[in-house]
Amino acid sequence: MLIKPEPSLEDLRYIVAKAGLDADRLLKAYRQMCLIRSFEELIADRYYIGKTPQFNMAAGPIRGEMHLAVGQEAVAVGVCSLLEGGDVVVSTHRPHHHALAKGVDPKKLAAEIFGKATGLCRGKGGHMHLFDATNRFACSGIVGASFPQAAGAAFAFQKLGQRNVGVAFGGEGAANHGTFAETLNMAGLFNLPLIIVIEDNFFADSTPKWAAVSTVHHFQRGLSFNVPSYLVDGMDFIDVYRAAKEAVGRARNGMGPALIEAVCYRYRGHFEGDAEEYRTREELERWRALDPILRLGERLKRLGWADEATLNRLRDEAHREAEEAIRFAETSPLPEPQEALTGVFR
Amino acid sequence: MRKLRGIAFAIAEAIDQEMARNDRIIVLGEDVTYWGAVFGFTMGLFNKYGRDRVVDTPITEQTFMGMAVGAASVGMHPVVSLMFVDFCGAGFDQMFNHMAKNHYMSGGQFPMPVTVITAIGGGYGDAAQHSQVLYGLFAHLPGFKVVVPTTAYDAKGLTITALRDQNPVIIFGHKLLTGLPFLPFEGEEEDVPEEPYTVEFGKAAVRREGRDLTIIAAGLMVPRSLKAAELLAREGISAEVIDLRTLVPLDEATLVESARKTGRVLIVDEDYLSYGMTGEVAFRVQAGALGSLKAPIQRLAVPDVPIPFSEPLESTVIPSVQRIYEAARSLVGAGAAA
């Protein structure tokens, strides 16, 4: 709908089968996207505790900046549902959806966002600095930092002869950073098992894409480095999945890197508290009609693989899981102050 | 004259007035239009001067810092916003190997009138990559003037001085002194003239006079030291509080004079402890006032760990009023016992 016409039922069946998707996989993806949506909305809800009527970033149970990914669920799930435990994901300042899609425990994730001792990083990292060695997930609050780190993991897999891939997520703003071009060059040069995913949500903080990009799309840049590059509808799980399947499959089989540019939209501000002067309500409403969760739900119904009751049940289950994670975080203890002084060196 | 709350508007007004006076000034950086560089340092400039002179850049620190170097070399005066000082890493080569050195390396041929404005500091839960101070890094490198305004009056006057300086100047504005509504504010409202004025670099300000010890600080640590001085006064301890205002150039004379008077010096810093501002200031103070010191110079800074996220951890590492008070009290006690 966004980039490609909505397929007829016959074509949809063909596309789904060709991508290796079935009812199970699609229902699982639907639930996963619902989990992310609920998780982000519950974090938003708790974030504003103590921050109203006067918004004060330092107040309430979750302090500091908060970047949520509501609307971008299909990109995370579409790519990460193709990954194995040993594959590496390096994410950004907007990392929760990638973390959940990579299999990070929602409880430990929530606890870290609340700065609790039970969090992924014992409260030291916080929302932009989430690390989970078990699930091979990391992220950074510095724009453009993900590309070379995922390339490094891919480089290591190649050296070690392991059939794993590195995945770097970045926004379209990050794709203007030098690390993007430098990493594409290295990835193409060394034929690294690397997938770079650009979540093109049109705004780098407040800066619209037209004011910051000399081309129309970033996938064009990947092509110039001889890196196979895809432009996909980031509001469509199936479209993301089928490009990612090709990219991940090729990388895993020693056939080198790929770039996936997923055009998508964030329904919330760049950060919570953003006044969003840079976009219109009408634009936001237009994109709401392309909600990736609604679209996948509609397709599941068209395919006859779910009815409204099934979708409701999956949404409720996912919501309860997110609520449990938040409750775990809220009832967990804060770290001891002296923890601050430990852990610089091993 | 009117009251201003915080340094952000004062800095933006200074840039505005100098832009009106000097059409060679342009503003470059991320989110400098709609968001006024996020922390308000360029607020209002986009409405007045438009995109021709207030330019949103892509997220490309290395390149926009390098472009500032190139533009300055042919007669522009770029004002560059580095949104958070923590992002300096992404543009550091252009800053420390070029912006700071080209004038010197070229035997004085290449002027470098660049003003970098950046946001520093923690205390609101933004964790290890968005809470640092790092002015020590820049002060360490020959070629940068390092400005750390604490008050609105100073912020405006120091910014105008920077914009009339032919050298790279970096202005480090603490987020909790900006006066913006979405952050805690630890400064005070104060009278600031509407007309342009300058505040000279290299002149520290004695914010409070005292007899028993000297507390030397910069940025957010100044109001915290002043609050600690009030607590000390209730116990009959008279603390002098000095605001450095600029780290480069450093006003050694005022520091040494105060140290000679009080005999005890506590240096308070929100930057990392080791190899930083506290060590440098301590060295210079002892070199000028050793004979007058009644106790070893003490310092309080972020112990050598990154800034952790969780509140009890963050407040353990960033010097608080209470810990400044305790360190001062123990310094005076130690001196008396000696």
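The values are calculated or read from the model by the stated rules, or taken from the named source; none is laboratory data. Note that the structure is a prediction, hence the values are computed from the model and not measured. Cβ atoms come from the backbone with ideal geometry, glycine included; neighbour counts cover every protein chain shown.
Tabulated results
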read-out	value
Scope region A:16-30; condition under 30 Å from A:Glu272 (Cα atoms) and surrounded by 18 or more Cβ atoms within 10 Å (Cβ to Cβ); matching residues	A:Ala29, A:Tyr30
Count of residues meeting criterion [in contact with a helix residue (DSSP H, G or I) (Cβ under 9 Å, 6 or more places away or on another chain), of a type in the set (Gly, Ala, Ser) and more than 12 Å from chain B (Cβ to nearest Cβ)] in region A:305-346	4
Residue tally, condition touching a strand residue (DSSP E or B) at 6+ places or on another chain (Cβ under 8 Å) and either away from chain B (no Cβ under 14 Å) or of a type in the set (Asp, Glu) (or both), over region A:202-230	9
Selected residue [in the same structural domain as B:Ala10 (by TED's automatic domain parsing), among the hydrophobic types (A, V, I, L, M, F, W, C) and surrounded by fewer than 23 Cβ atoms within 10 Å (Cβ to Cβ)] from B:Phe41, B:Phe46	B:Phe46
Any hit, region B:95-109, residues being touching a residue at least 60 places away in the same chain (Cβ under 8 Å), within 14 Å of chain A (Cβ to nearest Cβ) and in contact with a helix residue (DSSP H, G or I) (Cβ under 6 Å, 6 or more places away or on another chain)	no
Residue satisfying all of: in region B:132-169; of a type outside the set (Asp, Glu), more than 14 Å from the chain's Cα centre (by Cα) and part of a loop (DSSP other than H, G, I, E, B); surrounded by the most Cβ atoms within 10 Å (Cβ to Cβ) among these	B:Pro168
Residue in region A:1-18 that is away from chain B (no Cβ under 14 Å), closer than 20 Å to B:Ser310 by Cα, assigned to a loop (DSSP other than H, G, I, E, B) and under 22 Å from the mean Cα position of the chain (by Cα) present	no
Residues of region B:117-131 classified as hydrophobic (A, V, I, L, M, F, W, C) and in a loop (DSSP other than H, G, I, E, B), total	2
Filter result for the condition that a residue is farther than 27 Å from B:Asp52 by Cβ and in contact with a strand residue (DSSP E or B) (Cβ under 6 Å, 6 or more places away or on another chain), over A:Ile142, A:Ile198	A:Ile198
Any pair with Cβ under 6 angstrom, 6 or more apart, that starts in region A:85-97 at a residue that is of a type in the set (Asp, Glu) and ends at one that is outside any strand (DSSP E or B)	A:Asp87/A:Asn164; A:Asp87/A:Val165
Region A:149-174 - residue that is under 14 Å from A:Leu184 (Cβ atoms) and within 12 Å of chain B (Cβ to nearest Cβ) and, of those, surrounded by the most Cβ atoms within 10 Å (Cβ to Cβ)	A:Gly170
Which numbered condition A:Arg242 misses (of (1) touching a Lys or Arg at 6+ places or on another chain (Cβ under 8 Å); (2) in a loop (DSSP other than H, G, I, E, B); (3) on the phi < 0 side of the Ramachandran plot)	(2)
Top-ranked residue in region A:113-126 [being in contact with a strand residue (DSSP E or B) (Cβ under 9 Å, 6 or more places away or on another chain) and of a type outside the set (Gly, Ala, Ser); ranked as farthest from the other protein chains (Cβ to nearest Cβ)]	A:Leu120
Residue satisfying all of: in region B:313-323; part of a helix (DSSP H, G or I) and of a type outside the set (Lys, Arg); farthest from the other protein chains (Cβ to nearest Cβ) among these	B:Val321
Selected residue [touching a strand residue (DSSP E or B) at 6+ places or on another chain (Cβ under 9 Å) and either surrounded by fewer than 18 Cβ atoms within 10 Å (Cβ to Cβ) or under 30 Å from A:Phe55 (Cα atoms) (or both)] from A:Tyr278, A:Tyr267	A:Tyr278
